Amino acid sequence: MRGLRRIRDRISMLLRIPRRWIGHPDLRSLERRVDRLQGDSERLLLRLHPGVQSIPCGNGHDGVDLKRIEASRFSQNGEDGVLLHILSEVGAVDHNIVEIGCGEGIECNSALLVCCFGWNGLLVDRDRLALDRARAFFQSRSATDRVQLLEQEVQPDAVDELIPGEDLDVLSIDVDGFDFWIWRQLTRCRPRIVIVEVNASFGPDVCCTVPWQCGDSNHDRYRRHLRGWHHGASLRAMEALGRSKGYRLVAVESTGTNAFFVRGDLAPDSLPALDPASAWRPHGVRSRRHPAASQAESLAALPVTSVSEDGEV
């Protein structure tokens with residue numbers, strides 16, 4: 001399988017050559033960032049002047065109009081705006097965030113809170129090069145004194161040792177693997193808000209996660225699926241787990257990649273619990289070329305662990 005991955009990477013590199021003739025990748029990246037900032041500005045204007053609209057915007061979910069609240073100053077899929085909206089409803093206590101799977105920092109759920117709102121963050125990733133870039137990024141934002149960067153591959157049975165104490169405002173989990181199990185094994189800490197990546201390719205009805213058992217050091221999502229879609233858990237499974245831990249699913253951003261949960265004792269009426277089947281959205285990137293049904297079909301025969309409606313496995 002590793003040989004196939006090397007061949008795939010080689011083919012991908014060769015295919016980039018004609019794409020560079022069409023447009024430099026740095027320029028395309030800059031154009032995407034400009035488009036995102038323009039979209040964020042337009043949504044901000046809509047929120048500031050709702051009475052000016054001739055046709056009211058429809059709600060993405062019950063009680064939350066995602067088109068109006070999503071924003072991506074540093075996040076990849078509009079998570080910044082959704083998280084700020086939830087925090088404005090729930091509030092924060094210690095202004096601390098832990099992010100497991102932070103990548104290079106410039107595109108993560110912690111960056112906006114740390115860089116612009118003065119929060120403290122513990123950011124964890126197993127990729128040393130990514131953490132070096134994250135360190136340089138936070139240094140450029142004069143935020144190094146508020147950020148602890150930890151190079152570590154977080155294991156589900158060691159997550160309690162990673163997060164000290166019981167009080168935490170926000171926990172973000174994005175490891176493209178054992179996301180479900182990491183949250184399941186977290187028992188000492190009950191964050192006010194949990195953001196966790198889900199795998200929309202499983203579809204809206206399947207309730208499952210990739211398998212894990214003690215001793216498994218890493219989940220290679222390419223091992224059984226050439227495109228790397230075998231990872232994480234379905235939204236329905238993650239909602240069942242959250243509900244079993246006393247959390248309410250309150251939002252799923254528009255690409256169907258990140259689910260937002262609020263602790264039940266803190267959730268206001270303005271953030272109603274969502275039905276996972278209604279909240280599910282097809283994967284924003286994969287669905288451009290592959291219908292949601294074909295994504296689910298390609299995963300149907302691969303190893304998974306079933307999750308009950310009570311969040312049990």
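The values are calculated or read from the model by the stated rules, or taken from the named source; none is laboratory data. None of the values given here were measured: they were computed from a predicted structure. Here the Cβ positions follow ideal geometry from the backbone for every residue, glycine too, while neighbour counts run over all protein chains shown.
Which of the residues that make up the range 221-266 are in a loop (DSSP other than H, G, I, E, B) and under 18 Å from the mean Cα position of the chain (by Cα)? Across the range 221-266, the qualifying residues are Arg221, Gly228, Trp229, His230, His231, Gly232, Ser234, Glu253, Ser254, Thr255, Gly256, Thr257.
With the structure loaded, tell me whether Asp169 is among the acidic types (Asp, Glu), in contact with a Phe, Trp or Tyr (Cβ under 9 Å, 6 or more places away or on another chain), surrounded by 14 or more Cβ atoms within 10 Å (Cβ to Cβ) and at pLDDT 95 or above or whether it fails that test. Taking the combined requirement at face value, the residue satisfies it. So is Thr209 under 30 Å from Phe117 (Cβ atoms) and not aliphatic (A, V, I, L, M) or not? Here the answer is no, as Thr209 does not meet what is asked. For the range 251-266, filtering for residues that are among the aliphatic types (A, V, I, L, M) and closer than 14 Å to Val170 by Cα leaves 3.
Residues in the range 225-274 that are of a type in the set (Lys, Arg) and either buried (at least 22 other Cβ atoms within 10 Å of the Cβ) or in contact with a helix residue (DSSP H, G or I) (Cβ under 9 Å, 6 or more places away or on another chain) (or both): Arg227, Arg236, Lys245, Arg248, Arg263. Gln295 fulfils the conditions (1) surrounded by 20 or more Cβ atoms within 10 Å (Cβ to Cβ); (2) of a type in the set (S, T, N, Q); (3) at pLDDT below 95 except for a single criterion, (3). If I filter the range 199-220 down to residues being more than 15 Å from the chain's Cα centre (by Cα) and of a type in the set (A, V, I, L, M), which single residue comes out as surrounded by the fewest Cβ atoms within 10 Å (Cβ to Cβ)? Only one residue tops the list, namely Val206. The lone criterion from (1) over 25 Å from Asp265 (Cα atoms); (2) at pLDDT 90 or above left unmet by Glu107 is number (2).
Checked against (1) under 18 Å from Trp183 (Cα atoms); (2) assigned to a helix (DSSP H, G or I); (3) of a type outside the set (Ser, Thr, Tyr); (4) in contact (Cβ under 8 Å) with a residue 60 or more places away in the chain, Pro211 passes all but condition (2).
Selection of the range 206-237 for residues being under 14 Å from Asp174 (Cα atoms) and among the small types (Gly, Ala, Ser) yields Gly232, Ala233, Ser234. Checked against the criterion of being in a loop (DSSP other than H, G, I, E, B) and either modelled with pLDDT of 95 or more or on the phi < 0 side of the Ramachandran plot (or both), the candidates Ser201, Ser270, Ser278 yield just one match: Ser270. Against the list (1) more than 17 Å from the chain's Cα centre (by Cα); (2) modelled with pLDDT under 95; (3) assigned to a loop (DSSP other than H, G, I, E, B), the condition Ser287 fails is (3).
For the range 176-193, the set of residues classified as touching a residue at least 40 places away in the same chain (Cβ under 8 Å) and touching a helix residue (DSSP H, G or I) at 6+ places or on another chain (Cβ under 7 Å) consists of Phe178, Phe180, Ile182, Trp183, Arg184, Arg192, Ile193, listed by residue number.
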